[in-house]
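J.: Starting off with a structure, shown below.
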Amino acid sequence: MTQESPFTALPTRVDLAELDRRIIEWWQVNDVFARSLARTADGPAWVFYEGPPTANGSPGTHHVEARVFKDVFPRFKTMKGYSVPRRAGWDCHGLPVELAVEKELGLNGKPDIEKMGVAEFNALCRESVLRHVGEFEQLTERMGYWIDLAHPYRTMSPEYIDSVWWSLQRIFADGRLSEDYRVAPYCTRCGTTLSDHEVAQGYENATDPSVYVRFPLLEPLAGHENVELLIWTTTPWTLVSNTAVAVHPDVTYVVARTEQGTFVVAEPLLAAVLGDKAQMLATVSGAELAGLHYRRPFDLVEIPDAHVVVLADYVTTVDGTGLVHQAPAFGAEDLVVCRANNLPVVNPVALNGRFLDNVPLVGGVFFKDADAILVEDLRRQGLLFRYETYEHPYPHCWRCHTPLMYYAQLSWYIRTTTVVDALQRENERTNWYPEHVKHGRYGDWLDNNIDWALSRTRYWGTPLPLWRCESSHITAIGSRAELGLLTGTDLSDLDPHRPYIDEITFACPDCGGTATRVPEVIDAWYDSGAMPFAALGYPHLPGSEEVFASTYPAQYICEAIDQTRGWFYTLMAVGTLVFDRSAYENVVCLGHIMAEDGRKMSKHLGNILAPIPLMDAHGADALRWFMACSGSPWSQRLVGPGPLNEIVRKILMTYWNTASFLTLYASHTQWAPETANAAEHRPILDRWVLAEVHALTRAVDEKMESYDTAGAGRLLADFVDDLSNWYVRRSRQRFWEGDQDALSTLYECLDILTRLLAPFVPFITEEVWQQVIRPGHSSAPESVHLATWPHADPGLIDAVLTEQVRTARALAEAGRAARKNSNIRIRQPLGRAFISLPAGTELPQTLLDDVADELNVKRLASLDSTGAIVDISVKPNFRILGKRFGKQTQQVANSILAADPREMVEQLRSVGETKISFDGAEIALGPDEVVVTELPRTGWVVESQRGVTIALDTEITPELAAEGTARDVVRVVQQARRDTNLDVADRIALTVAAPENVLAAVRAHQGFVAHETLATSVTLVDSLDEGFVGTVGEAVPITVGVAKR
RNA sequence: GGGCGUAUAGCUCAGUCGGUUAGAGCGCGUCCCUGAUAAGGACGAGGCCCCAGGUUCAAGUCCUGGUACGCCCA
């Protein structure tokens, strides 16, 4: 045992964070990631796109989630032989970056930025992005996310911008990029529109008027004169620019008379608006109202060809009157409706939120302040039907708390509505995980697609590559080179950002007039949607066309659910607009990670979990396992130290200690994997665990191919438990004896298990690979991540054996329960036990021996052979009977319960079927159609579960008692050995001091005691001054001395 | 207001094709076992499988409607 072994015993304890750091360095030194890519470079391509994170702040624990999934599947596919290039990317542009810089500098909106200068501001934005990229890189490395960080794409690079321009030029050429009004929440003080995100954090309660206004019709309706439309609004100031009234085409409207007049309201709202006493004169559909003209309440601004009833599907009858006043400059839906009806967009409010000075009555008045003046005027005119106030949340500017105004400004749009059919077609051929997103959240979004408002009146973004001359000719530019041709200068060194790009002018190709760039930049989401080709500099950079052809579309992308309207959409939309094909085939859509208290992580709540400290506390593997395998990745999950500790203890440490166990014994014996018997000639337990590990391989592969990491994780965790707590535990003795088959079997299981676990937990598996697998096979790849994915050997999978061991373990479990009930400790041997198995099940003797050993029982025998009086019960097996008897199942079941069980069982056992009378006839039942249970009546300690029954004979003879005592003594000595920190192979001189009856028991089993404790001598004495104290039997104190030899 | 999702033990979650005694882990209590283990095992307490209808011989599971929570949108 002292000869050279290639194995060194692994420590049983391990500092996982320290292990992580060591492995990260080893990977770097040995260039393992690049070599893993090189290994499969010639394999079939499996393309993954990294969705670029916006580097506008420090990464949080939720960033780890998607990055785990972006790592696990590429690693899995790489092991399977696919070529999976992975390139990092950074989303550099956009409002979030600008806001972060504004905040750092204490700036307050656009005027401040203009004051400091766009050049300097954008330089700071660039600097901020690069700074935060560094933090993402640290996280990426720390968590073991393998992606090429050295050659990332950046959406702010000139080559990237060239590509984006090229694609926009194409979209423009297709007539799908044009300018139109857009209504957006706008802060009149800061002079800027706000993004949805900003609006969401700025809701404050406001008290607004709620007014019902009469709009007299200029023509009769359904034969009635002087009919008035009733509309409801909470923004009276928008009535100045009233352009139309919208009704729903399918809603029924009533013409009803009250003391106040004759009105039109939606039928469902009649009572709420006009009360119970209104007299119904007529009903008309919304469609019939269309085209009627009315007199508007304020004649303050010119609005030609308007003031007509139009149709709109968005009108509801939930509140108001079912007739909605339209002011297209101040409502997104109003704008859509009015444009569809070719109505003008008239805006009497200036950018500072005040009515234009030339407007009568409210000229120069702030829009909110105009409400009171206008309501008073309505009252004066007799048009105010009802006036109330109500409190509701209203969006305010998060910076300055000014109420926001929904406000129409000219904006550039991509006409995505013209390609909706193509988008839906592409969605149909996309595999979504989970599936419901496809026709749920995402499909719904496509069904309600609206044009993409592309432009932003901001600074730090890809400039919109459109130049407009004095005659309003638009020229779309596809690259800096092309721009250079028009200007006649070399622009290859131009930073294509504002403000430099704004200085470039050229002669309009149409008319020769001076063309200057439109001022806007584009939505940063377009940048990321252009990533599949822009990252390559396609089509400008040499070689980009070839690479693009082989990497488009991607097989796999993955982000969290919030990207349905973000990257998932922009990627598909840009791809479809430019190439008529979506950019991805399979998309995994993750739920959100929440703090342990179930709330969103936020600085405000103080429940932020920083990812790197979390990994330093539990190891990166634990966090990775949590993200990939805990709960359902599609639903939101709570992360915290609790679940991570559990993963470490139950999965990682159990796995680790199984590996440690192998090295412990492999290093103590002369063993090499090739010295074992072929698998089919090994003992049954070996064949069982090999069958399990190959079945596992097959099942895990299936789960992974369907993107089910949680399912794969459950299978892997179950196997880790089976391997450690059944195979190893039942095989201890053989390992101690250096059994070649046992060592080989465990080695083979660990080899496969390590490779199956590698994509999930790359650190600990690497360590096990280095310390356990490589020493056993000189030809093993240098890293587990250079190894191949295992494939299942169907010849080793054995469903019968799997079932037999399951039954044996059920017996052991029942036996332990019986032990517990009898209050007899397991160290106390018992003479015999009787068992009963489900019909048709037989166990090989070796498995029965295992059960006997596990339960410390001398002999197992069949329950039938006892001659004891056994109670037999027969129950219907509904699953089988239901299929056969359908509606009569219940009656057949009653007949079975009414029949004599003993007779049925005898028939089943002798002729394989039993007959019962049913409905006047006899029907035959097979063994699988009933469930038989037998229980001894008295005199035994019995336990019955999971279809098996075990009965213990609890008589303890003096011989059995002595043996039990001897085992207790062994137990005390083992504890003493451990307390003395003896090696498992150290020999000892043993001294035992105990009462005479205990000494007698030791004497009777001296060989056993010596063997078990590696004692080369055993001395029995009355008392001992120094030694380890323990108890045997019924709390009898003894003292033992162990001296190392 | 709309869309989507979720709802099972104190907590975190499984639950296959619908099958009649609904499981695991954690936590708590009492024990047991241990010559790898940060482990393992037994027992106990703890369940209106959110509610109401429906389909079915049979519903935690399928359908409809509601409630609560979450996300997205308005």
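J.: Report whether or not residue A:741 is part of a helix (DSSP H, G or I), crowded, with 19+ Cβ neighbours inside 10 Å, more than 15 Å from RNA strand B (Cβ to nearest atom) and at pLDDT below 90.
T.: yes
J.: For region A:436-452, which positions are within 8 Å of RNA strand B (Cβ to nearest atom) and in contact (Cβ under 8 Å) with a residue 60 or more places away in the chain?
T.: Hits for region A:436-452 are A:437, A:441, A:445.
J.: How many residues does region A:1-56 contain that are crowded, with 16+ Cβ neighbours inside 10 Å, over 17 Å from residue A:764 (Cα atoms) and at pLDDT below 90?
T.: Number of matching residues: 8.
J.: If you scan region A:245-289, which residues turn out to be closer than 18 Å to residue A:322 by Cα, in a loop (DSSP other than H, G, I, E, B), in contact (Cβ under 8 Å) with a residue 24 or more places away in the chain and open to solvent by 40 Å² or more (accessible area, probe 1.4 Å)?
T.: A:250
Conditions (1) more than 13 Å from RNA strand B (Cβ to nearest atom); (2) buried (at least 21 other Cβ atoms within 10 Å of the Cβ); (3) closer than 26 Å to residue A:7 by Cβ; (4) free of Cβ contacts under 8 Å to residues at least 60 places away in the same chain, marked per residue:
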| residue | (1), (2), (3), (4) |
| --- | --- |
| A:642 | no, no, no, yes |
| A:651 | no, yes, yes, no |
| A:655 | no, yes, yes, no |
| A:688 | yes, yes, yes, no |
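J.: Here's a follow-up. Looking at region A:746-790, which of its residues are among the polar types (S, T, N, Q) and touching a helix residue (DSSP H, G or I) at 6+ places or on another chain (Cβ under 9 Å)?
T.: Residues satisfying the conditions are A:754, A:765, A:770, A:771, A:783, A:788.
J.: Applying the selection to region A:304-319, what residues are out of contact with any helix residue (DSSP H, G or I) (no Cβ under 7 Å at 6 or more places or on another chain) and of a type outside the set (Asp, Glu)?
T.: Those that are out of contact with any helix residue (DSSP H, G or I) (no Cβ under 7 Å at 6 or more places or on another chain) and of a type outside the set (Asp, Glu): A:304, A:306, A:307, A:308, A:315, A:316, A:318.
J.: Restricting attention to region A:375-420, report how many residues are acidic (Asp, Glu) and either at pLDDT below 85 or touching a Gly at 6+ places or on another chain (Cβ under 6 Å) (or both).
T.: 2
J.: What number of residues within region A:900-922 are touching a strand residue (DSSP E or B) at 6+ places or on another chain (Cβ under 6 Å) and open to solvent by 30 Å² or more (accessible area, probe 1.4 Å)?
T.: 6
J.: If I ask for residues that are among the charged types (D, E, K, R), surrounded by fewer than 16 Cβ atoms within 10 Å (Cβ to Cβ) and without any contact (Cβ under 8 Å) to a residue 24 or more places away in the chain, which ones from region A:468-496 would you list?
T.: A:490, A:493
J.: Only one of (1) closer than 30 Å to residue A:667 by Cβ; (2) crowded, with 19+ Cβ neighbours inside 10 Å fails for residue A:811. Which number is that?
T.: (1)
J.: In region A:1017-1029, which residue that is more than 59 Å from the chain's Cα centre (by Cα) and in a strand (DSSP E or B) is farthest from RNA strand B (Cβ to nearest atom)?
T.: Out of the qualifying residues, it is A:1021.
J.: Pick from A:827, A:819, A:832: which is assigned to a helix (DSSP H, G or I), closer than 30 Å to residue A:969 by Cα and out of contact with any Leu (no Cβ under 6 Å at 6 or more places or on another chain)?
T.: From the options A:827, A:819, A:832, the qualifying one is A:819.
J.: Would you be able to tell me the number of residues in region A:326-370 that are assigned to a helix (DSSP H, G or I) and surrounded by fewer than 21 Cβ atoms within 10 Å (Cβ to Cβ)?
T.: Qualifying residue count for the region: 5.
J.: Suppose the filter is hydrophobic (A, V, I, L, M, F, W, C), modelled with pLDDT of 80 or more and either open to solvent by 50 Å² or more (accessible area, probe 1.4 Å) or touching a helix residue (DSSP H, G or I) at 6+ places or on another chain (Cβ under 8 Å) (or both); does residue A:984 pass it?
T.: Considered against the rule, which asks whether it is hydrophobic (A, V, I, L, M, F, W, C), modelled with pLDDT of 80 or more and either open to solvent by 50 Å² or more (accessible area, probe 1.4 Å) or touching a helix residue (DSSP H, G or I) at 6+ places or on another chain (Cβ under 8 Å) (or both), residue A:984 comes out as no.
J.: If you go through region A:349-370, how many residues are farther than 20 Å from residue A:404 by Cβ and of a type in the set (D, E, K, R)?
T.: Residues in region A:349-370 being farther than 20 Å from residue A:404 by Cβ and of a type in the set (D, E, K, R): 1 in total.
J.: Scan region A:78-104 for residues that are in contact with a Pro (Cβ under 9 Å, 6 or more places away or on another chain) and assigned to a helix (DSSP H, G or I) and jot them down.
T.: Scanning region A:78-104 gives A:78, A:79.
J.: Confirm whether residue A:717 is out of contact with any strand residue (DSSP E or B) (no Cβ under 8 Å at 6 or more places or on another chain), closer than 20 Å to residue A:650 by Cβ and open to solvent by 10 Å² or more (accessible area, probe 1.4 Å).
T.: Yes, satisfied.
The values are calculated or read from the model by the stated rules, or taken from the named source; none is laboratory data. Keep in mind the model is a prediction, meaning the values are calculated, not measured. When we count neighbours, we look across all protein chains shown, and the Cβ atoms used for this are built from the backbone with ideal geometry, even at glycine. With ligands, DNA and RNA removed, areas are computed over all heavy atoms of the protein, side chains included. Shrake-Rupley method; radii C 1.70, N 1.55, O 1.52, S 1.80 Å.
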